[in-house]
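**Q** Sharing a structure below in structure tokens format, with a few things to ask.
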Amino acid sequence: MNKKHILPIICALILAALVDIFISTCMKFTAEYPMAELDEGWVITVNGIENKDIPLTRFMSITNGHLERGDNIVMYTTLPDLGDIPFPVILFKSRYTTLTAFLDSREIFDFGSDIYKEKKFLGKTYHFITLPTDYAGKELKFIMKVSEQGAFKDLNPPMLGSQPDVEGDFIHRHLPIIATGMFLMVFGLSFLCITMFFVSSVPDIRSFLIGSIFCMNLSAWIMSYYSILSPFVYTRFETEVEFFTMYLIVPYCYLFLYLIQKIENKKLYLTAALLTTGVTIAQYVLHYIFGIHMKVTLPIYHAAGAFGFGVITYYLIRNIRKRDISESDMIQMFGMFIFALAQLIHLIIYYMANYHYMPNASFLSIATIDAGCLVFVVCQLANYLVFITGAYAQRQEHASLSHLAYADGLTNLPNRAKADKKMEDLDKTNLDYCIISVDLNGLKYVNDKFGHPSGDKYITDFAKVLITTFDETGFCARIGGDEFLVILEDSTEKDVDALLGRMNSALNVMNAIYSEYHRSVATGYAFRHECAENATSHEVYLLADQRMYELKRKMHEELGIHNRL
């Protein structure tokens, strides 16, 4: 990576971290009414075995983390009195279970019973359970039937309060994830639209296209992973979206690496990539066709992800040692590595939290995923800027080279090659144009008597007069040492004569001010309609050139210009 790009990337990362900290700490939320987290004091019965005064966050202590499909969980507690709060609700997250809620033996909520009977997939979902205003002191009972093996280890304690306060608290707790998810989606959609215009004409931009789609996939994944939508827009497919997008991450990484890397052993690499993709497809087939749900095959994805991290690490080390990829690709590689590292750390946290080696790891889990995604998208953004800067510099260089190829070095006017191209273009049209042949008088005399610098000045002075006279109405070019050419479109003889008169007047003014030598030109012009019907621009030019030489001879004979100049 070029050193000049390290500082902007570091600044971008620091800015992203500061924004994340600002979102999570400075945007405070204050509830209007009292709220309570119902963690303590539950009586929990699992398959008929009763356990008293168990915190929900220690649910694993009574099951050892082993739950199977068909297990029955019954738990109840007494609701506290929070005073007179409007629209009292409980927010509770079920995890791969049905959920039936009772208040003093009266059913007030039911979810998933029909889905369970049909043996369909029950995911993770937040539920708003509406309570009557006289809820205080009544018994709240949850009955859950487990639909997946190893459904959960612990449960999030229900949140009791006024619905607007509970919703606001939920949004505040998940603000970093919501902000990151929305940023990833907006970034991905915006740059997908941009890259779609260029993908066919600029091969190097394919990695940008995949990166944009990958950002959108990550947005869908982290939003569904934390069940951001379910409290507000119920959909039982949210968890399926989580697994579907998560299982695509590893194939995306392989494809991304293939586009930005110089793969030495392509057969081995493609074999590993296709096997990983095949595993992903097999997991989809097992879920949607054979009813073996994607949660069951989650360890297979974790193994594939860990192996993929090893592949990414190998290529990063290789790139640092060999330095055989572009700085743009190196930026993308760095972002991919940080993202993969964050995923690996999150995987470790996930397993340690599941086995209670790291309790209360929710914040650390969110921060790790959030940071990994932000670093990846910041590197994508930096790469876009580097690519655009490089493309602009390349275009400027191309324009400069084109200018050098088609410009006269002394006058900066178009040269003969550009004039020939212009005349070829005229042959493809039906325009009635006029070509003016212009020849300087006495250039050799000025060169011999006053030196070539004076001759060059004679040429450049005339070029300025020519541009001033014709630039707005026609095309001007220097096609030889003392030969110039002008092409006018949609002009009449009267217009041409007026323009030539203006040019000669400007030369006379210049002669009066700078009288060291006399400046004059011979001109001749011809229109397309004066030649044969199928005449080329070259034939029109020859007619104009012939008329110019006729005028030049008259000037030599009548005015003696050849003697004086």
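**Q** Test residue 301 against the stated conditions and say whether it is among the aromatic types (Phe, Trp, Tyr), at pLDDT below 85 and under 23 Å from residue 153 (Cα atoms).
**A** Numbers: among the aromatic types (Phe, Trp, Tyr): yes; at pLDDT below 85: no; under 23 Å from residue 153 (Cα atoms): yes.
The answer is no for residue 301.
**Q** Now a separate question. Of all residues in the range 103-127, which are within 30 Å of residue 294 (Cβ to Cβ), touching an Asp or Glu at 6+ places or on another chain (Cβ under 8 Å) and not basic (Lys, Arg)?
**A** Within the range 103-127, 121, 122, 123, 125 qualify.
**Q** Is there a residue being loosely packed, with under 14 Cβ neighbours inside 10 Å, of a type in the set (Gly, Ala, Ser) and under 29 Å from residue 176 (Cβ atoms) anywhere in the range 340-363?
**A** yes
**Q** Which one of 9, 62, 44 is part of a helix (DSSP H, G or I) and either more than 30 Å from residue 145 (Cα to Cα) or at pLDDT 90 or above (or both)?
**A** Going through 9, 62, 44 in turn, the sole match is 9.
**Q** Something else: Hey, does the range 278-296 have a residue that's in a helix (DSSP H, G or I), charged (D, E, K, R) and not assigned by TED's automatic domain parsing to the domain that holds residue 148?
**A** Within the range 278-296, none of the residues are in a helix (DSSP H, G or I), charged (D, E, K, R) and not assigned by TED's automatic domain parsing to the domain that holds residue 148.
**Q** I've got another one for you. Filter the range 316-328 for residues that are surrounded by fewer than 20 Cβ atoms within 10 Å (Cβ to Cβ) and either among the polar types (S, T, N, Q) or touching a residue at least 40 places away in the same chain (Cβ under 8 Å) (or both) and give the result.
**A** 324, 325, 326, 327
**Q** When residues of the range 445-459 are filtered for being among the β-branched types (Val, Ile, Thr) and over 16 Å from residue 508 (Cα atoms), how many remain?
**A** Counting residues in the range 445-459 that are among the β-branched types (Val, Ile, Thr) and over 16 Å from residue 508 (Cα atoms) gives 1.
**Q** Take residue 250 and tell me if it is within 21 Å of residue 215 (Cβ to Cβ) and at pLDDT 90 or above.
**A** Taking the combined requirement at face value, the residue satisfies it.
**Q** Which of the following residues is assigned to a loop (DSSP other than H, G, I, E, B) and in contact with a Ser or Thr (Cβ under 9 Å, 6 or more places away or on another chain): 145, 141, 119? Write out each step before concluding.
**A** Working: 145 fails: assigned to a loop (DSSP other than H, G, I, E, B); 141 fails: assigned to a loop (DSSP other than H, G, I, E, B).
Just one listed residue meets the conditions, 119.
**Q** Go through the range 75-97 and give me each residue that's assigned to a loop (DSSP other than H, G, I, E, B) and more than 24 Å from residue 146 (Cβ to Cβ).
**A** Listed by number, the residues that qualify are 79, 80, 81, 82, 83, 84, 85, 86, 87.
**Q** Which pairs do you get when a residue that is among the acidic types (Asp, Glu), found in the range 411-431, comes within reach of a residue that is in a helix (DSSP H, G or I) and crowded, with 20+ Cβ neighbours inside 10 Å, reach meaning Cβ atoms under 8 angstrom, with the pair 6+ apart or on two chains?
**A** Close Cβ pairs (under 8 Å, with a partner that is in a helix (DSSP H, G or I) and crowded, with 20+ Cβ neighbours inside 10 Å) amount to 424/537; 427/537.
**Q** Which count do you get for residues in the range 480-510 that are at pLDDT below 90 and either within 16 Å of residue 465 (Cβ to Cβ) or among the hydroxyl-bearing types (Ser, Thr, Tyr) (or both)?
**A** Final tally of qualifying residues: 2.
**Q** Follow-up question, since we're still on this one. Does residue 455 satisfy being buried (at least 21 other Cβ atoms within 10 Å of the Cβ) and without any contact (Cβ under 8 Å) to a residue 24 or more places away in the chain?
**A** Considered against the rule, which asks whether it is buried (at least 21 other Cβ atoms within 10 Å of the Cβ) and without any contact (Cβ under 8 Å) to a residue 24 or more places away in the chain, residue 455 comes out as yes.
**Q** I would also like to ask the following. Based on what the data block shows, is residue 494 in the same structural domain as residue 523 (by TED's automatic domain parsing), outside any strand (DSSP E or B) and surrounded by 13 or more Cβ atoms within 10 Å (Cβ to Cβ)?
**A** no
Let's see how each residue does on (1) buried (at least 18 other Cβ atoms within 10 Å of the Cβ); (2) modelled with pLDDT under 85:
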residue: 207; (1), (2): yes, yes
residue: 226; (1), (2): yes, no
residue: 233; (1), (2): no, yes
residue: 241; (1), (2): no, no
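**Q** Going by what's in this entry, would residue 465 be described as surrounded by 19 or more Cβ atoms within 10 Å (Cβ to Cβ), assigned to a helix (DSSP H, G or I), touching a residue at least 40 places away in the same chain (Cβ under 8 Å) and more than 52 Å from the chain's Cα centre (by Cα)?
**A** no
**Q** Would you mind listing the helices (runs of 4 or more DSSP H) fully within the range 325-444 where at least 2 residues are modelled with pLDDT of 75 or more, over 27 Å from residue 488 (Cβ atoms) and out of contact with any helix residue (DSSP H, G or I) (no Cβ under 9 Å at 6 or more places or on another chain)?
**A** Values: elements: 327-354, 362-406, 416-427.
Ranges flagged: 327-354.
**Q** In the range 321-336, which residues are of a type outside the set (S, T, N, Q) and over 15 Å from the mean Cα position of the chain (by Cα)? If you could, list the steps in order and put the result at the bottom.
**A** Let us first name the residues in the range 321-336 that are of a type outside the set (S, T, N, Q), namely 321-325, 327, 329-331, 333-336.
Those that are of a type outside the set (S, T, N, Q) and over 15 Å from the mean Cα position of the chain (by Cα): 321, 322, 323, 324, 325, 327, 330, 333, 334.
**Q** Turning to a different aspect of this structure: Starting from residues that are among the hydrophobic types (A, V, I, L, M, F, W, C) and assigned to a loop (DSSP other than H, G, I, E, B), keep the ones in the range 178-203 and report whichever is modelled with the highest pLDDT.
**A** The extreme case among them is 197.
**Q** If you don't mind, another one. From the list 100, 57, pick out the single residue that is in contact with an Asp or Glu (Cβ under 7 Å, 6 or more places away or on another chain), modelled with pLDDT of 95 or more and either farther than 30 Å from residue 260 by Cα or not in a helix (DSSP H, G or I) (or both). Even if it seems obvious, please write down each step before you answer.
**A** On the way: 57 fails: modelled with pLDDT of 95 or more.
None of the others qualify; the one that does is 100.
**Q** May I ask you to say which residue of 550, 539 is of a type outside the set (Phe, Trp, Tyr), under 24 Å from residue 428 (Cα atoms), without any contact (Cβ under 8 Å) to a residue 40 or more places away in the chain and not in a loop (DSSP other than H, G, I, E, B)?
**A** 539
The values are calculated or read from the model by the stated rules, or taken from the named source; none is laboratory data. Quantities reported herein were computed from a predicted structural model and do not represent experimental measurements. So basically every Cβ, Gly included, is an ideal-geometry build from the backbone, and we count neighbours across all protein chains shown.
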